[in-house]
Amino acid sequence: MKSKGYAAQSPTSGLAPFSFERRDPGPDDVVVEIAYCGICHSDIHQVRDEWGNAMYPMVPGHEIVGRVTAIGSAVEKFKVGDLAAVGVMVDSCRVCNNCKANEEAYCEKGFVGTYNALGYDGVLVHGGYANNIVVHQHYVFSIAASLEPKLAAVAPLLCAGITTYSPLVHWKVGPGMKVGIVGLGGLGHMGLKFAHSFGAHTVLFTTSPGKEADALRLGADEVVVSTDPSAMAKHKSSFDFILDCVSAPHDMDAYMNMLRIDGTLCSVGLPEKPIAIAAFSLVTNRRRLAGSSIGGMVETQGMLDYCAKHDIVSDIELVSTDKLNEAYDRVVKNDVKYRFVIDLKTLV
Ligand code: NAP
Ligand code: ZN
Ligand code: ZN
């Protein structure tokens, strides 16, 4: 099937128009005409080969929403014309213990990413900065009709949304808990909305004093500018749970030291350098350091349904396809409010 989109050819090429072939849809496949695709910081890490695993040409994009234009003969969940979404994975083994437990993000064989990944057939797959995508029905989500007027702002839920929702649910964040969110970017602003919606006392940590007012509007009960040592000291040993959503290496010990007894610091950020924690910060208060990767299919659909019910979407800036390289530079400068979403109607 013919596709067109934007691809990087090397770590320094930037993104440029690119035509390519996708597999023809099989019996279990859904063809989605893409309306919008979010720009995740993981796209930038991979396009610029910051994780050392880049395969080119690379068509990034794993926050995909659009409409079904064709279905295979075995597809029952969707019909032509339905709204549909695709996130960070397009395949997993579906038979290992983790897949059978609806934890496809932790598939023992390794899930197949939406782009910069080889399918189990060995073919390089391409993501959502494109006009269409072909995906096995198991990895396609439904979008409630009530979200249609905000469809562009739904796109970031497919990665930024589920990546923050999943650990907050897993660690049972709710009323009576003091929860920290570190970094007000794409993930952080969704973590803030969910932690607030789940009823926790939510504190947002930011390096950007200019984001304070927005953080309060998005649901923070308190905002701490993390470069102010006295503001940071006030919160020592007081948090039940902290979700670190930062994209670059930073002092995580500072957040470890904010955990009360049995508190957990969970990193969803994926900086290219290892995380360093002092042993003394860890053993004090019997603290835990954890991580979390996106979420499974059932949980992701549940997150989308929760968002429809509670009217939660991302705060976005729409961007046209000719401005992608500028958008990347602005994300790296912490200058996006709070997720760029590509309007694929601008693809020529
Ligand atoms: P983003 O929009 O760029 O947000 C990152 C935020 O981190 C920035 O807005 C900034 O917030 C803060 N920050 C940036 N550089 C910093 C530094 N040097 N020191 C302290 N704070 C800094 O990125 P994103 O799309 O939310 O992604 C965040 C990270 O999560 C990325 O590494 C991405 O690859 C990773 N990720 C992981 C998963 C997963 O499954 N675990 C899924 C998606 C993404 P302030 O301005 O408020 O300080
Ligand atoms: Zn992502
Ligand atoms: Zn599996």
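From the list 337, 323, pick out the single residue that is free of Cβ contacts under 8 Å to residues at least 12 places away in the same chain, assigned by TED's automatic domain parsing to the domain that holds residue 44, among the basic types (Lys, Arg) and over 26 Å from residue 137 (Cα atoms). Reasoning before the result, please.
Numbers: 337 fails: free of Cβ contacts under 8 Å to residues at least 12 places away in the same chain.
The unique qualifying residue is 323.
Restricting the search to the stretch 196-218, which residues are touching a residue at least 60 places away in the same chain (Cβ under 8 Å) and surrounded by 19 or more Cβ atoms within 10 Å (Cβ to Cβ)?
Of the residues in the stretch 196-218, the ones touching a residue at least 60 places away in the same chain (Cβ under 8 Å) are 197, 207-208, 214, 218.
Selection gives 214, 218.
Report whether or not residue 325 is over 27 Å from residue 177 (Cα atoms) and assigned to a loop (DSSP other than H, G, I, E, B). Don't jump to the end; show me each part of the working.
Details: over 27 Å from residue 177 (Cα atoms): yes; assigned to a loop (DSSP other than H, G, I, E, B): no.
In short, no.
Could you list all residues from the stretch 61-98 that are closer than 19 Å to residue 301 by Cβ and within 16 Å of ligand 3 (Cβ to nearest atom)?
88, 89, 90, 91, 92, 94, 98
Between 251, 240, 305, 214, which is in a loop (DSSP other than H, G, I, E, B) and not assigned by TED's automatic domain parsing to the domain that holds residue 336?
Working: 240 fails: in a loop (DSSP other than H, G, I, E, B); 305 fails: in a loop (DSSP other than H, G, I, E, B); 214 fails: in a loop (DSSP other than H, G, I, E, B).
After applying the criteria, what remains is 251.
Restricted to the stretch 165-195, and to residues that are open to solvent by less than 10 Å² (accessible area, probe 1.4 Å), within 10 Å of ligand 1 (Cβ to nearest atom) and outside any helix (DSSP H, G or I), which residue is nearest to residue 213 (Cα to Cα)?
The extreme case among them is 184.
Of all residues in the stretch 142-164 being more than 20 Å from residue 185 (Cα to Cα) and either polar (S, T, N, Q) or within 16 Å of ligand 1 (Cβ to nearest atom) (or both), which is most open to solvent (accessible area, probe 1.4 Å)?
Taking the candidates together, the pick is 146.
Could you tell me which of the residues 261, 294 is among the β-branched types (Val, Ile, Thr) and away from ligand 3 (no atom under 16 Å from the Cβ)? Please lay out each step first, then the result.
Details: 294 fails: away from ligand 3 (no atom under 16 Å from the Cβ).
Every option except 261 fails the conditions.
What about residue 11, is it over 26 Å from residue 149 (Cβ atoms), assigned by TED's automatic domain parsing to the domain that holds residue 319, open to solvent by 10 Å² or more (accessible area, probe 1.4 Å) and touching a strand residue (DSSP E or B) at 6+ places or on another chain (Cβ under 6 Å)? Let's see the steps before the verdict.
Numbers: over 26 Å from residue 149 (Cβ atoms): yes; assigned by TED's automatic domain parsing to the domain that holds residue 319: yes; open to solvent by 10 Å² or more (accessible area, probe 1.4 Å): yes; touching a strand residue (DSSP E or B) at 6+ places or on another chain (Cβ under 6 Å): no.
No; evaluated as a whole, the condition is false for this residue.
Looking at the stretch 67-109, which of its residues are within 16 Å of ligand 1 (Cβ to nearest atom) and in a strand (DSSP E or B)?
85, 86, 89, 90, listed by residue number.
May I ask you to verify whether residue 110 is away from ligand 3 (no atom under 11 Å from the Cβ) and either open to solvent by 70 Å² or more (accessible area, probe 1.4 Å) or at pLDDT 95 or above (or both)? Please lay out each step first, then the result.
Working: away from ligand 3 (no atom under 11 Å from the Cβ): no; either open to solvent by 70 Å² or more (accessible area, probe 1.4 Å) or at pLDDT 95 or above (or both): yes.
The answer is no for residue 110.
When the stretch 70-95 is examined, which residues are found to be in contact with a Cys (Cβ under 6 Å, 6 or more places away or on another chain) and not small (Gly, Ala, Ser)?
88, 93
Name every residue in the stretch 110-126 that is within 16 Å of ligand 2 (Cβ to nearest atom), at negative phi and part of a loop (DSSP other than H, G, I, E, B), in order of residue number.
Of the residues in the stretch 110-126, the ones within 16 Å of ligand 2 (Cβ to nearest atom) are 111-117, 125-126.
Those still in the list that are at negative phi too: 111-115, 117, 125-126.
Within the stretch 110-126, 111, 114, 115, 126 qualify.
If you check residue 238 against the conditions, is it in contact (Cβ under 8 Å) with a residue 40 or more places away in the chain and closer than 23 Å to residue 316 by Cβ?
Details: in contact (Cβ under 8 Å) with a residue 40 or more places away in the chain: yes; closer than 23 Å to residue 316 by Cβ: no.
No; evaluated as a whole, the condition is false for this residue.
Show the residue pairs meeting these rules: Cβ distance below 8 Å; 6+ apart or different chains; first residue within the stretch 39-61 and assigned to a loop (DSSP other than H, G, I, E, B) and open to solvent by 30 Å² or more (accessible area, probe 1.4 Å); second residue within 8 Å of ligand 1 (Cβ to nearest atom) and modelled with pLDDT of 95 or more.
Cβ pairs passing all conditions: 50/44; 51/45; 51/270.
Is it the case that some residue within the stretch 62-77 is crowded, with 24+ Cβ neighbours inside 10 Å and in contact with an Asp or Glu (Cβ under 7 Å, 6 or more places away or on another chain)?
yes
Of the residues that make up the stretch 119-134, is at least one surrounded by fewer than 23 Cβ atoms within 10 Å (Cβ to Cβ) and either within 16 Å of ligand 1 (Cβ to nearest atom) or modelled with pLDDT under 95 (or both)? Before the answer, list the steps.
Of the stretch 119-134, the ones surrounded by fewer than 23 Cβ atoms within 10 Å (Cβ to Cβ) are 119-125, 131-132, 134.
With either within 16 Å of ligand 1 (Cβ to nearest atom) or modelled with pLDDT under 95 (or both) added as a condition, the list becomes none.
Checked against the condition, which is being surrounded by fewer than 23 Cβ atoms within 10 Å (Cβ to Cβ) and either within 16 Å of ligand 1 (Cβ to nearest atom) or modelled with pLDDT under 95 (or both), the stretch 119-134 yields no hits at all.
Quick check: is even one residue across the stretch 317-340 of a type in the set (Lys, Arg), crowded, with 19+ Cβ neighbours inside 10 Å and more than 15 Å from ligand 2 (Cβ to nearest atom)? Before you say what the answer is, go through the steps one by one.
At the first step, the residues of the stretch 317-340 found to be of a type in the set (Lys, Arg) are 323, 330, 333, 337, 339.
Filter once more, so that each one left must be crowded, with 19+ Cβ neighbours inside 10 Å: 339.
When the remaining residues are screened for being more than 15 Å from ligand 2 (Cβ to nearest atom), the result is none.
Looking for residues that are of a type in the set (Lys, Arg), crowded, with 19+ Cβ neighbours inside 10 Å and more than 15 Å from ligand 2 (Cβ to nearest atom), one finds none in the stretch 317-340, hence no.
The values are calculated or read from the model by the stated rules, or taken from the named source; none is laboratory data. In this text, all values refer to a predicted model and were calculated from it rather than measured experimentally. All Cβ positions, glycine included, derive from the backbone under ideal geometry; neighbour counts span all protein chains shown. To get the accessible areas, we keep the full protein, side chains included, count just its heavy atoms, and leave off ligands, DNA and RNA. Shrake-Rupley method; radii C 1.70, N 1.55, O 1.52, S 1.80 Å.
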